[in-house]
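Below is one structure, written out as structure tokens; comments come after it.
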Amino acid sequence: MAERGPHRKALIGHRGAPAYAPEHTLYSYDLALQQGADAVEQDLHVTKDGVLVCLHDLTLERTTDVRNVFPTRGRDVLLEGRLARHWFVHDFTADEIQQLDAGSWFGPRFAGCRIPTFQEVVECVGERAALCVELKDPEIHEAMGVDLLSLFATALRRSGLDRPRSGVLPLTVQSFHEPTMRRAAAMFEQPLHLVLLIEPADAHRWSDRDDFEAVAEFATGIGPGKAMIEGRPDLVRWAHEAGLRVTPWTFRASEPGRFASVRAEMAYYLSALDVDAVITDNPDQFPRELSQHS
Ligand code: G3P
Ligand code: CA
């Protein structure tokens, strides 16, 4: 892989390449790399026995056959305002989670894909690209007595990913939970990228340059939902002036908004808004010709 300079605009495969393969499977990560991704994103959760696994949801039923494999292990819980039966990741051991089919929901040819452990992803991606890890719901883990950040830090040290690797972007750690990012800043040394994720619904909290200066005290970048910065070059400029990289999410061919295509949408953000990277479900649609700063 070519040396990546600080000004190269980066392509990050959101959960791998989930427009074409089941999200957060080794198959999906591998496909994203074949499509040219500089990094692949993992969402991290913790099993009952303390193993870091990669999937987006707190629960297993959307992307696996857990209902069939463990029919009696669901719990009736009020989640996001609705009472329903859920199979929570943290109720299952890593061995049990390995028994689940995490591919068939996406299509029959993906039958048998599994939820990977973080360690499996580290080994699969190797030196081919960087990892972009989201610490998912740290406050929920904390309420269960699990320190997600410390588990992650231990895993990084064990795999050597807390040290620089030549030719590969530094590892990115991201979270919506600001206290966790502040802790991470004290725990890790550069060259990790620490990215504070921001929901577009919180855009009103970002009204001047000082807001970004405050983030730069503990992070190297922001990850705004793309709607927050559409038509707001001032926000990107203020972040840059504070020394922060800007990586909006998530670009999807299925939702290009007012643009003719997701490629055109990504081109607008990279060129007109001058963001530093994009997170996309469609890595093959990245406008590679715009990936260098002028
Ligand atoms: O990188 C940020 C993005 O992944 C956050 O959205 O819900 O897909 O984890 P979500
Ligand atoms: Ca994520």
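Can you tell me which of Gly50, Gly74 is touching a strand residue (DSSP E or B) at 6+ places or on another chain (Cβ under 6 Å) and among the small types (Gly, Ala, Ser)? Just a single option satisfies the conditions, and that option is Gly74.
If we scan the range 267-278, do we find a residue that is loosely packed, with under 15 Cβ neighbours inside 10 Å and under 18 Å from Ala130 (Cβ atoms)? No, the range 267-278 has no match at all. In the set (1) away from ligand 2 (no atom under 16 Å from the Cβ); (2) closer than 17 Å to Met181 by Cα, the condition left unmet by Ile222 is number (1).
State whether the residues of the range 210-231 include one that is polar (S, T, N, Q) and out of contact with any strand residue (DSSP E or B) (no Cβ under 7 Å at 6 or more places or on another chain). No.
One residue stands out in the range 238-266 among those that are of a type in the set (Gly, Ala, Ser) and without any contact (Cβ under 8 Å) to a residue 60 or more places away in the chain: the one that is farthest from Leu131 (Cα to Cα), namely Ala260. When you look at Glu217, is it open to solvent by 50 Å² or more (accessible area, probe 1.4 Å), within 27 Å of Asp147 (Cβ to Cβ), within 16 Å of ligand 2 (Cβ to nearest atom) and out of contact with any helix residue (DSSP H, G or I) (no Cβ under 7 Å at 6 or more places or on another chain), yes or no? It is false that Glu217 is open to solvent by 50 Å² or more (accessible area, probe 1.4 Å), within 27 Å of Asp147 (Cβ to Cβ), within 16 Å of ligand 2 (Cβ to nearest atom) and out of contact with any helix residue (DSSP H, G or I) (no Cβ under 7 Å at 6 or more places or on another chain).
Applying a threshold of 7 Å to beta carbon distances and a minimum spacing of six or more residues, or different chains, the list of pairs starting in the range 130-153 at a residue that is farther than 18 Å from His56 by Cα and ending at one that is open to solvent by less than 10 Å² (accessible area, probe 1.4 Å) and within 13 Å of ligand 2 (Cβ to nearest atom) reads Ala130/Ala39.
Okay, residues lined up against (1) surrounded by 20 or more Cβ atoms within 10 Å (Cβ to Cβ); (2) in contact with an Asp or Glu (Cβ under 9 Å, 6 or more places away or on another chain); (3) among the basic types (Lys, Arg):
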| position | (1), (2), (3) |
| --- | --- |
| Ala39 | yes, no, no |
| His45 | yes, yes, no |
| Lys48 | no, yes, yes |
| Thr64 | yes, yes, no |
| Arg82 | no, no, yes |
| Phe110 | no, yes, no |
| Cys132 | yes, yes, no |
| Leu135 | yes, yes, no |
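The combined condition, being β-branched (Val, Ile, Thr), away from ligand 1 (no atom under 16 Å from the Cβ) and free of Cβ contacts under 8 Å to residues at least 60 places away in the same chain, is fulfilled by Thr64.
The values are calculated or read from the model by the stated rules, or taken from the named source; none is laboratory data. Please read these numbers as outputs of a predicted model, since none were measured by experiment. No Cβ is skipped: glycine too gets one built from the backbone with ideal geometry, and neighbour counts run over all protein chains shown. Heavy atoms of the whole protein, side chains included, go into the accessibility calculation; ligands, DNA and RNA do not. Shrake-Rupley method; radii C 1.70, N 1.55, O 1.52, S 1.80 Å.
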